[in-house]
Amino acid sequence: MALTERTEEDKIECVGPYRSIQIRTATVIERDGVEISRSFHRHALQCSTKTGDTWGDTDISGESAEVQGICNAVWTDAVKTAYQTAMDAQETP
């Protein structure tokens, strides 16, 4: 009776005007090749991050090649600028 565990990104979504990327990762447990358990973890990425008063690109180096490709395709300079402008406007009282 062999138990195996694997993870897979089973859902990647691009959402909203600022192209947030949502990633769902499944952890699958199998016994003798038959799935007996599946659980999920989700995380989301925004196109830019702010440190102090400075905006920068989000570090996606730890993401899969597929997620990196999607981010690079949808996070255009126009999307990043619009996101940063919208977030800065929310900070202003």
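The values are calculated or read from the model by the stated rules, or taken from the named source; none is laboratory data. It should be emphasised that the depicted structure is a prediction, and the values quoted were computed from it without experimental measurement. Quick reminder, even Gly has a Cβ in these numbers, built from the backbone with ideal geometry, and neighbours come from all protein chains shown. Just the protein is used for accessible areas: all its heavy atoms, side chains included, with ligands, DNA and RNA removed. Shrake-Rupley method; radii C 1.70, N 1.55, O 1.52, S 1.80 Å.
Kindly indicate whether residue 8 is open to solvent by less than 50 Å² (accessible area, probe 1.4 Å), out of contact with any Pro (no Cβ under 7 Å at 6 or more places or on another chain), touching a residue at least 12 places away in the same chain (Cβ under 8 Å) and charged (D, E, K, R). So residue 8 does not fit the description; no. For segment 47-66, a residue qualifies if it is in contact (Cβ under 8 Å) with a residue 12 or more places away in the chain, within 15 Å of residue 83 (Cα to Cα) and charged (D, E, K, R), and the qualifying residues are 50, 57.
When the residues of segment 20-46 are filtered to those that are in contact (Cβ under 8 Å) with a residue 24 or more places away in the chain and under 10 Å from the mean Cα position of the chain (by Cα), the one that is surrounded by the fewest Cβ atoms within 10 Å (Cβ to Cβ) is 44. Quick one: in segment 1-13, of everything that is farther than 15 Å from residue 64 by Cβ and modelled with pLDDT of 95 or more, which residue is nearest to the chain's Cα centre (by Cα)? The extreme case among them is 5.
If you go through segment 49-93 and pick out every residue that is under 23 Å from residue 25 (Cβ atoms) and either surrounded by 15 or more Cβ atoms within 10 Å (Cβ to Cβ) or out of contact with any Lys or Arg (no Cβ under 8 Å at 6 or more places or on another chain) (or both), you end up with 18.
For segment 49-76, a residue qualifies if it is part of a loop (DSSP other than H, G, I, E, B) and either at pLDDT 95 or above or of a type in the set (A, V, I, L, M, F, W, C) (or both), and the qualifying residues are 58, 59, 60, 61, 62, 63, 64, 75, 76.
If the condition is being closer than 19 Å to residue 79 by Cα and part of a strand (DSSP E or B), then segment 24-48 contributes 44, 45, 48.
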